[in-house]
Amino acid sequence: MSSQESALTMVAVPPEEYESFADGLRNYLPDSYQIEFMLRLYCKYRHLTVLNSTLYAPSDRNLRYKMAVITPVCALKKIRTISIFWSDCHVSKDAVFYLLRSLPITSWQLPCTIRQMPFHLQPTMHKIIHKLSGGVLNHVTPIPTVVLSLAPADTLPIPQLPEGYYFKKLDGTFAEETLRYWSPSYTETKESMSFFLETLPSAGIFYRNKSGEEMKKNLGPILKEFSEQDECTWRINGENATNNSGLIEESTFEELGHRAREVRHLRDELASFVVLKHGSDTGMTFTHEKHRRKGLGRAVTLYLAHELHSKGIPVIVHVVVDYEMSINMHKQMGFKYMTHSCFPVYCPKNFDFESVPRLPLFIKTFSSTPDKWFDISGEE
């Protein structure tokens, strides 16, 4: 190895420098958006601590903001996960190879997912991954996405919800439910999803599907567990427990403490939701089938967008390029094209995909060629 090659090393950036590092990345937008936004989100919520994520940058000060890596970026342990950016005008393919090889990664032969890499870097990344793994990672499925952003000035007002529906933030108790209805999210666990829901902004639309009288009948046996005080029982079963619409007051449920969700689900049904993912984009948008065609997906997206703007958080979405309906829906809400990115999954030829829960469904759902894995073994 030449002295020039040995000088190409990556070093960990201290968390106290994340904000200034994000400022430096702005000179390389839009390619650097993913890592910049992740760092800004970290400065506000410290959310990456649950993943033990680390930011790496070249030790050469001349290259400091021209390449960056965050790893891991998901809770999944069986597959390596990274986010990466480099300026191909300033950092050569060979330099990227040596910089990545210097990372404290024990083996590049594990299956690898790259979370939202600039699309035009993908052919070069194929070659680098194949070379880093010694030819073991020789297959890839590409998942190209369109990146759309929503500026505050372009954000439409939040539409009024149909009768019986209301907005509310999701908490950690919804982790299993959100993963169940967004099953392709193979990179997360129930524990990590619970942490992100507790930590990061999210929005849900709930449906009040039971009358006050029906709820008082259903809740009676359960609520007796919470308190033996007459006042608590009276508040639940008495007139003060309902509002003018005959529905149980929200404040009543808030008094139930950590088991409030267990009781609340008897009354309120989660109809639609969207979350701010730890990768800095909003997504996992889902509306239950019986609540569709009511504009709930649009409403919950705009609701969260207004909240994020109020907190100074950029609003971006990643949409698979083939999902024209979703792209058009977001454009109608004021989203504008920002760039293209990709979500490649690299693996050995005989990797057992069934060993990773939800991974086969993820590939089938999002890959532009779900039945075809591209062989990159012929590339250097």
Considering residues that are open to solvent by 10 Å² or more (accessible area, probe 1.4 Å) and over 21 Å from residue 133 (Cα atoms), the number found within segment 52-84 is 12
Of all residues being open to solvent by 10 Å² or more (accessible area, probe 1.4 Å) and in a loop (DSSP other than H, G, I, E, B) in segment 188-209, which is modelled with the lowest pLDDT? Just the residue, please.
209
The lone condition residue 145 fails out of (1) more than 16 Å from the chain's Cα centre (by Cα); (2) farther than 13 Å from residue 306 by Cα is (1)
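Conditions tested, residue by residue: (1) closer than 23 Å to residue 360 by Cβ; (2) not in a helix (DSSP H, G or I).
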| position | (1), (2) |
| --- | --- |
| 98 | no, no |
| 104 | no, yes |
| 123 | no, no |
| 129 | yes, no |
| 153 | no, no |
| 159 | no, yes |
Pairs needed: first member in segment 317-337, more than 23 Å from residue 364 (Cβ to Cβ); second member anywhere, surrounded by fewer than 16 Cβ atoms within 10 Å (Cβ to Cβ) and among the charged types (D, E, K, R); C-beta distance under 9 Å; at least 6 residues apart or different chains.
333/154; 334/154; 335/154; 336/154; 337/331
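Output yes when any residue across segment 323-346 is within 25 Å of residue 81 (Cβ to Cβ), small (Gly, Ala, Ser) and touching a strand residue (DSSP E or B) at 6+ places or on another chain (Cβ under 9 Å), and no when none is. Step through it out loud before you land on a result.
Quick first cut of segment 323-346, residues within 25 Å of residue 81 (Cβ to Cβ) only: 323, 326, 338-346.
Pick out the ones that are also small (Gly, Ala, Ser) and you get 326, 341.
In the following step, the residues that additionally are touching a strand residue (DSSP E or B) at 6+ places or on another chain (Cβ under 9 Å) were identified as 326, 341.
There is at least one residue in segment 323-346 that is within 25 Å of residue 81 (Cβ to Cβ), small (Gly, Ala, Ser) and touching a strand residue (DSSP E or B) at 6+ places or on another chain (Cβ under 9 Å).
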In segment 157-178, which residue that is in contact with a helix residue (DSSP H, G or I) (Cβ under 8 Å, 6 or more places away or on another chain) and without any contact (Cβ under 8 Å) to a residue 24 or more places away in the chain is surrounded by the most Cβ atoms within 10 Å (Cβ to Cβ)?
175
Of all residues in segment 300-322, which are closer than 25 Å to residue 38 by Cα and either in a helix (DSSP H, G or I) or open to solvent by 70 Å² or more (accessible area, probe 1.4 Å) (or both)?
300, 301, 302, 303, 304, 305, 306, 307, 308, 309, 310, 311
Going by the conditions given, is residue 42 under 20 Å from residue 116 (Cβ atoms), in contact with a helix residue (DSSP H, G or I) (Cβ under 6 Å, 6 or more places away or on another chain) and in contact (Cβ under 8 Å) with a residue 24 or more places away in the chain?
yes
Confirm whether residue 128 is within 24 Å of residue 348 (Cα to Cα) and open to solvent by 20 Å² or more (accessible area, probe 1.4 Å).
no
Is there a residue in segment 359-368 that is aromatic (Phe, Trp, Tyr) and either open to solvent by 50 Å² or more (accessible area, probe 1.4 Å) or under 20 Å from residue 38 (Cβ atoms) (or both)?
no
So is residue 89 open to solvent by 10 Å² or more (accessible area, probe 1.4 Å) and without any contact (Cβ under 8 Å) to a residue 12 or more places away in the chain or not?
yes
Residue hits (segment 131-145; open to solvent by 30 Å² or more (accessible area, probe 1.4 Å), not in a helix (DSSP H, G or I) and not hydrophobic (A, V, I, L, M, F, W, C)) are 134
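The values are calculated or read from the model by the stated rules, or taken from the named source; none is laboratory data. None of the values given here were measured: they were computed from a predicted structure. Glycine also receives a Cβ, built like all others from the backbone with ideal geometry; neighbour counts cover every protein chain displayed. Just the protein is used for accessible areas: all its heavy atoms, side chains included, with ligands, DNA and RNA removed. Shrake-Rupley method; radii C 1.70, N 1.55, O 1.52, S 1.80 Å.
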